[in-house]
Structure formats: structure tokens, C-alpha cells
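Have a look at the structure below, then the notes.
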Amino acid sequence: MVDAIIILIVIVLLFFALKGSIRHFKGDGSCCRSSSSLMKTDEKHLDGPVVAVREVRISGMHCENCAEKVRRAVDSIDGASASVNLSEGKATVKMDRRIDDIVIKRKIEEAGYSVESISQI
């Protein structure tokens with residue numbers, strides 16, 4: 001009898017986990033809902049001329065709000081500005097000064113996403 005109750009509880013938990021995963025990947029998850037804090041803002045303009053460009057491959061982005069979080073994370077770095085392509089899973093980072101790739105990687109990971117690679121363009 002106890003085994004049946006435990007199995008029933010596990011089935012219910014798996015159902016809710018699966019339901020939440022499906023909603024998330026369809027764009028209905030909590031990170032995917034529009035909120036005033038994640039409304040798209042204007043692109044950041046750099047103070048000086050662009051001296052370097054990096055292409056950053058990112059995993060874990062599922063919606064436009066995810067892409068906006070990544071863009072804001074990179075834009076928070078002095079001297080860096082990002083444009084994010086959600087469908088390709090990448091960000092193009094323009095810099096008006098020398099910025100270590102590890103700084104860019106750290107900011108994106110702090111926002112909750114994984115950096116697969118960073119390459120110079």
C-alpha cells in the first residue's frame with residue numbers, strides 16, 4: 001500500500017515537471033513572460049570607435065526575454081555593446097576598448113546562461 005502511494009506521488013510530480021518544461025520551451029515559462037523590467041530597451045551606444053568584435057555562442061536562451069537578459073548583461077560592461085540573435089543562439093559584442101573574454105563570459109553566466117564559445121570576428 002505504501003509503495004502505491006509513493007508511486008502515485010512520483011507520477012504526479014513527474015506530470016507537473018513535464019508540464020512546466022513544455023510550457024517553458026513553448027515560451028510560456030516564468031522567464032518568458034513579459035514584464036516591465038524586461039521590456040526591450042534601446043541599443044547601447046559606445047563612447048569611442050569599435051576596436052574589437054566578438055561572436056559569443058550561448059545556450060539556454062528560449063525566448064526574447066532571455067535574449068534581452070543576455071543583451072543587458074553584456075551592455076552592463078563598460079565599453080561593450082551586444083546584439084543578440086535568439087534563433088542562432090549567439091551574441092555579437094562590439095567593444096570600444098580591450099575587454100577580456102572572461103569578463104564577457106562571466107556576465108552572461110551571471111545572467112543564467114551558458115557560454116559555449118567566444119571567437120574574434
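Which angle between 0 and 90 degrees, to the nearest 10, do you get for helix 64-75 versus the longest principal axis of the chain when only C-alpha atoms count?
Taking Cα atoms only, the helix is inclined about 40 degrees.
Over segment 41-120, calculate the relative contact order: mean separation of alpha carbon pairs under 8 Å at least 6 apart, over the residue count, as a percent.
Result for segment 41-120 is 42 percent.
Can you sort 61, 1 from fewest to most other Cβ atoms within 10 Å of each residue's own Cβ? Please list the in-between numbers first.
Values: 61 25, 1 5.
Fewest to most other Cβ atoms nearby, the residues stand as 1, 61.
Listing 10, 51, 56, 74 from the residue with the fewest other Cβ atoms within 10 Å to the one with the most, what is the order?
Ascending Cβ contact count within 10 Å gives the list 10, 51, 56, 74.
Within straight cross-link reach of residue 19, meaning Cα distance under 27 Å, which lysines are found once same-chain residues fewer than 8 apart are removed?
69
Mind sorting 59, 83 by how few other Cβ atoms lie within 10 Å of their own Cβ, fewest first?
On the way: 59 9, 83 15.
The most exposed by this proxy come first: 59, 83.
Just to be sure I follow: if Rg is taken over the C-alpha atoms of the chain and Rh is the Kirkwood radius over the same atoms, what is Rg/Rh? Present the calculation step by step, with values, prior to reporting the outcome.
Numbers: Rg = 18.9 Å, Rh = 16.1 Å.
Here Rg/Rh amounts to 1.17.
Rule-based calculations on the coordinates, nothing more; no lab input. All of these numbers come straight from a predicted model, not from anything done at the bench. When we count neighbours, we look across all protein chains shown, and the Cβ atoms used for this are built from the backbone with ideal geometry, even at glycine.
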